[in-house]
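Worksheet for the structure shown next.
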Amino acid sequence: MKKYVNGTPLSSFDGPSDDVVSGASFNLLAPLYVRPIDQRTGKVQPFASFEWISEEDSEAILGNDIRLPKLLKRLQDCDSDFICVQELQLGREEMTCEDDVKNDESNYDHTTRQQKRGRTSRKEDEGGQIDIQPTTDQTKPLFVLPTWISPLVNVDVSPYGIILPEQAELNKIAERNVRVLQADAAVTNAIFYKRDKWRPYTNSKSYNYSNTTTCVVQAFLSVDDGMDQSEKNADPIVITSIHLDAQREEKRVQQLLRCLEQTIASSSTPYIPPLIIAGDYNAELFRGSCLYEFLSRDGETEEPVASSIDATKTQEMQFECSKALRLPSNTSPSKEEMKSWYELHDSVANYVTDHCWTLKRIDTGCTRVAYDHDEEVSNGNGDATMKPKDETATNSDSTMEQLQGSMAQWHLDHFVYTPLTLTSLGKWATLEDDHHSAKFGLPNRIIPTDHLPIAASFRRLRHPRLSKEEKDTVVAAMDEINNRHNLELETIQTETDRVKEELEQQQRLKDEQQSAEPENTEVQRTKKPKKSKKSRPSPEIIQHVRDSRARIKQLKADQSAERHKFIGCKSVLERMELQHSLGGRSCRQWAEDG
């Protein structure tokens with residue numbers, strides 16, 4: 001894959017081509033999140049304080065009047081088909097200029113879909129836990145785009161349209177920001193798309209989903225496909241702008257699962273449409289993490305030897321669990337914490353298998369550089385404080401040596417895509433080639449946001465499909481297994497019933513012989529007649545039933561093992577066809593239950 005200087009126009013990667021798709025991702029750093037006072041603590045949170053930027057440099061690096069125009073120019077210059085953004089800050093209509101772009105359906109939602117618009121608000125405690133509470137206020141002005149970014153969607157000067165969540169979703173995050181930061185502003189994800197090349201597409205199944213402020217999913221068709229294309233013949237590409245939770249792996253998994261479910265709903269065929277998930281994952285997707293289980297293993301060549309696989313995997317999972325829980329150095333997760341991690345890990349693996357997902361990540365480098373706020377030391381009073389730093393440090397060459405060694409880097413921004421329908425062509429370089437940002441941190445005088453943007457281009461591929469002969473062959477093989485297993489069970493059940501009937505007949509004869517023996521006449525005269533009741537099964541019958549159940553249980557286990565082996569050697573396309581023939585059941589469910 002070719003690598004280009006960060007900021008290179010994507011249209012120059014491979015030249016114009018109908019089958020090339022380009023995407024960029026920008027975490028914009030919402031102005032609201034620059035050194036705000038958190039009302040819960042009365043302090044600026046460490047991750048939002050940008051300590052390495054001195055007071056004298058703050059206006060030039062963090063000031064809206066300088067930073068936001070730079071950001072707009074970078075968005076305009078990237079020339080990407082799709083621009084996925086995170087931390088786009090919206091204000092109320094009455095608080096902005098008259099020429100701001102309103103978030104009405106004609107401008108931002110592009111469809112007439114009628115989605116459920118529950119009015120809720122967020123309640124976030126200091127641990128990052130979010131609860132949902134109802135609210136009844138539906139009279140507030142609409143949220144609209146801020147003036148600084150409006151030129152990007154001005155039809156007279158820009159080719160872009162925009163996809164945003166609905167107003168009800170924007171109100172949720174605004175209520176949280178009012179409570180925590182005392183600012184009535186919505187911070188959200190969005191997707192900008194080139195109107196002259198793409199048009200949003202929504203089918204009947206996707207009506208059941210609505211976008212959130214941290215996950216915006218939209219299917220698009222080429223404008224050349226024609227407006228009258230039916231759902232049956234539609235061939236959309238799905239773009240997702242994602243911003244995963246910063247606190248919990250479980251929440252990140254749930255968000256990504258929701259994104260994948262929305263993607264499946266965008267398809268009108270048994271096949272998964274081309275998908276690009278771009279954004280701030282707030283995780284590095286390393287081995288051992290639960291998010292890593294979403295990715296395909298194809299192409300991994302350096303596997304450990306068999307005897308060390310389990311030990312290596314366990315170590316990786318323990319390390320990633322510790323990182324996710326933000327445990328102190330040299331502290332291992334508890335047994336209960338690891339149990340929960342294993343369960344979450346397995347649930348992702350099962351989901352990927354059940355839904356025939358094949359996903360890959362573009363090998364982008366680190367995109368975030370800052371002080372590591374998880375590296376804390378004790379201040380001697382039992383409180384945690386940051387490592388000491390030079391309070392006079394500024395973003396200048398004279399302090400380069402002071403900053404070196406203080407900064408940490410993370411792989412937080414990613415492109416995940418479907419390799420069956422997309423092949424990667426080129427990408428922007430990241431921090432491995434940006435030595436200035438690696439030393440001075442982000443944002444700085446050159447890069448106007450706290451995450452280095454990423455971009456990539458792809459070539460669309462026709463979804464590979466089995467031939468009719470291949471479909472018939474694999475389905476026939478599954479039918480043969482089903483028929484044979486059913487016959488085996490019927491045979492053993494018939495034999496079991498026959499032997500049981502013979503034993504019961506023997507017991508009935510024995511009971512009749514015992515009842516025919518004469519009793520003492522005087523005893524018969526004084527004895528009350530007994531009610532007839534079913535005699536207790538003989539020891540032979542009880543043992544036969546036990547043996548038969550054990551045989552049937554063992555047969556079912558053997559059959560399940562055979563079905564698992566059958567599914568395990570099938571390709572993704574074969575499993576897609578098998579699953580389609582099962583009518584909604586997954587291949588794994590069939591393997592387990594028959």
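The values are calculated or read from the model by the stated rules, or taken from the named source; none is laboratory data. All values derive from a computational prediction rather than experimental measurement. Here the Cβ is made from the backbone with ideal geometry for all residues, glycine too, and neighbour counts use every protein chain on show. To get the accessible areas, we keep the full protein, side chains included, count just its heavy atoms, and leave off ligands, DNA and RNA. Shrake-Rupley method; radii C 1.70, N 1.55, O 1.52, S 1.80 Å.
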TODO: With a 1.4 Å probe and every protein chain left in place, tell me how much accessible area residue 469 has, in Å² to the nearest 10.
DONE: 140
TODO: Would you mind pulling out the separation of the Cα centroids of the range 1-68 and the range 459-498, in Å?
DONE: 53
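Can you pick out the pairs among 3/73; 471/553; 313/427 whose Cα atoms lie more than 26 Å from each other?
Working: 3/73 21 Å; 471/553 32 Å; 313/427 30 Å.
Where the Cα-Cα span goes over 26 Å, the pairs concerned are 471/553; 313/427.
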- [ ] Could you work out how far apart the two model spin labels at residue 562 and residue 582 are, taking each label as a point 7 Å from the Cα in the direction of the beta carbon, and quote it in nm?
- [x] 1.8
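In whole angstrom, how long is each semi-axis of the equivalent ellipsoid of the range 252-300, when you take the square root of 5 times every eigenvalue of its Cα gyration tensor and sort them from largest down? Provide the component values of the computation, followed by the final result.
Details: eigenvalues 93, 41, 17 Å².
After scaling each eigenvalue by five and taking roots: 22, 14, 9 Å.
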Task: Label-point separation in nm, residue 473 to residue 486, each point 7 Å along Cα→Cβ - done: 2.5
- [ ] Just subtract the alpha-carbon distance of residue 179 and residue 55 from 0.36 nm times their residue separation and send over the number in nm, one decimal.
- [x] 41.9 nm
Open item on the list: Using a 7 Å offset from the Cα along the Cα-to-Cβ direction at both residue 155 and residue 315, what is the distance between the two label points in nm, to one decimal?
Closed with: 6.1
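Which pairs break 24 Å Cα to Cα here: 360/570; 339/565; 251/323? Present the calculation step by step, with values, prior to reporting the outcome.
Working: 360/570 19 Å; 339/565 27 Å; 251/323 15 Å.
The answer is 339/565.
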Open item on the list: Residue by residue through the range 346-363, what is 3J(HN,Hα) from phi via Karplus (6.51 cos²θ - 1.76 cosθ + 1.60, θ = phi - 60°)? Round to whole Hz and write x for glycine and proline.
Closed with: 5, 5, 5, 4, 5, 5, 4, 5, 4, 9, 6, 7, 10, 10, 10, 10, 5, 7
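Largest first, how would 235, 18 line up by accessible area (1.4 Å probe)?
Sorted by accessible area, descending: 18, 235.
Can you work out the FRET efficiency for the pair residue 48 and residue 436, with r the C-beta to C-beta distance and R0 = 22 Å, to the nearest 0.05? Provide the component values of the computation, followed by the final result.
Values: r = 22 Å, r/R0 = 1.01.
That pair, residue 48 with residue 436, gives E of 0.50.
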Open item on the list: Please list 3J(HN,Hα) in residue order for the range 171-178, calculated via the Karplus relation 6.51 cos²θ - 1.76 cosθ + 1.60 where θ = phi - 60°; whole Hz, with x for glycine and proline.
Closed with: 5, 4, 6, 5, 5, 5, 5, 5
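Quick one: which of 22-35, 245-258 comes out on top by average Cβ neighbours within 10 Å, and what's the full order, highest first?
Values: 22-35: 22.5, 245-258: 18.1.
Sorting 22-35, 245-258 by mean packing, highest first, produces 22-35, 245-258.
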- [ ] Compute the length gained on full extension between residue 12 and residue 462: take 0.36 nm times their separation in residues and subtract their Cα-Cα distance, giving the result in nm to one decimal.
- [x] 159.6 nm
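Taking the Cβ-Cβ separation of residue 77 and residue 354 as r and a Förster radius of 45 Å, what is the calculated FRET efficiency to the nearest 0.05?
Once the sixth-power term is evaluated, E becomes 0.60.
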- [ ] Could you order peptides 77-90, 149-162 by the average number of other Cβ atoms within 10 Å of their residues, highest first?
- [x] 77-90, 149-162
Task: 5 angstrom amide H check on residue 414, placed H, neighbours 5+ away - done: 279, 281
Task: Paramagnetic reach from residue 372 (point 7 Å along Cα→Cβ, amide N under 14 Å) across the range 321-358 - done: 323-324, 326-331
